[in-house]
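Everything below concerns the one structure shown next.
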Amino acid sequence: MSRKFDHLGDVETFITVVEKGSMTMAAIALATTPSVLSRAITRLEARLGVQLLRRTTRRLSLTEQGRLYLEQSRAAFALIEDAERAIQGPGDELRGSVRLSAPTTYAHHRLPALMQRFCAQHPQVRIELNITNRNVDLVAEGYDLAIRMGNLPDSGLVARKLEDAAMCLIAAPGYLARAGAPQGIADLGRHSCLPFVMPSTGRVSPWILREDGRDVDWVPHGGLQVSDDVLGVVTLAQNGLGICQTYDFIAQDLIGQGRAVEMLKQARGRSRPFSVIYAPHRRLSSASRALIDSLIESTSK
């Protein structure tokens, strides 16, 4: 009598191939060869009677059946992991891995401090951190969690707010020595402002300000603008090329080091939210749930 689930090794191979993005990278992770993994995927597809992956010489992509099978398979493995944790008892260390995607602003300037407590408490949890300004597809690309900025559209994803990050305007001391400091929002039009072009819309991101108790969305215009990586405007500003708007958690160190000066403090008071998101139909692993709780607890202090 054959075992009912003797194909679980092939299922784990399928999950790993999707998460790593290629047979080659998955083979490195599993200490085997791409040809072995390719045969495992073929076996699994034959068993199920459906195509899970579209394979070309350049890329892999999930079919609709493959996307559904990936979601359910990852949920099943998470259940097994939880069952093991339950019988091991609370005295054992939390183990597992979490795939997390975060934007450059948060990953470089906020996340390291937030992660310190979690990593110290759970040294056996492996975190695969992807740093990108692209909104990854959590399911198709195999991510457990992602950190997103802004008010999120109704995408069907679950969002847990981390914080409302305050914004400010900064420039280098050298720039202010040359151009002077603006005294009000109206003065900004006479300065070298550093716009950021949002990848999702191709439009310049407005600066969010306050004036006389009113919210003001002011669109900067300048001869030098940045796209893709919003940290570029900060780099340009601290090198004396103009004024930018950024988060307090980025500006604080620069101001403390004397590399930037905050201006128009009377126009501050607005913020942008950051949230951690995940797919609602995916059963989160114990490690993922613990990381969410740790991030929320850290940002609430």
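Computed quantities for the displayed model
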item	result
Residue check, Arg190 surrounded by fewer than 18 Cβ atoms within 10 Å (Cβ to Cβ), among the charged types (D, E, K, R) and farther than 16 Å from Ala166 by Cα	yes
Residue check for Leu53: in contact with a Leu (Cβ under 7 Å, 6 or more places away or on another chain) and either hydrophobic (A, V, I, L, M, F, W, C) or within 23 Å of Asp144 (Cβ to Cβ) (or both)	yes
Selected residue (only one of Leu152, Leu169, Leu94 is of a type outside the set (Phe, Trp, Tyr), modelled with pLDDT of 95 or more and more than 13 Å from the chain's Cα centre (by Cα))	Leu169
Helices (runs of 4 or more DSSP H) (entirely within segment 152-270) containing at least 2 residues that are free of Cβ contacts under 8 Å to residues at least 12 places away in the same chain and within 25 Å of Leu295 (Cβ to Cβ)	248-256
Hey, Glu71 modelled with pLDDT under 85 and either touching a helix residue (DSSP H, G or I) at 6+ places or on another chain (Cβ under 7 Å) or part of a loop (DSSP other than H, G, I, E, B) (or both) or not	no
Residue tally, condition surrounded by fewer than 16 Cβ atoms within 10 Å (Cβ to Cβ) and modelled with pLDDT of 90 or more, over segment 133-149	0
Subset of segment 224-251 [farther than 10 Å from Cys193 by Cβ and either in contact with a Lys or Arg (Cβ under 6 Å, 6 or more places away or on another chain) or β-branched (Val, Ile, Thr) (or both)]	Val226, Val230, Val234, Thr235, Gln238, Thr246, Phe249, Ile250
Answer from Arg270, Arg259 - the residue that is more than 27 Å from the chain's Cα centre (by Cα), of a type in the set (Lys, Arg) and within 26 Å of Ile131 (Cα to Cα)	Arg259
Considering residues of segment 271-301 that are hydroxyl-bearing (Ser, Thr, Tyr) and part of a loop (DSSP other than H, G, I, E, B) only, the residue surrounded by the fewest Cβ atoms within 10 Å (Cβ to Cβ)	Ser300
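The values are calculated or read from the model by the stated rules, or taken from the named source; none is laboratory data. All figures in this text were calculated on a predicted structure; none of them were measured in a lab. Cβ atoms come from the backbone with ideal geometry, glycine included; neighbour counts cover every protein chain shown.
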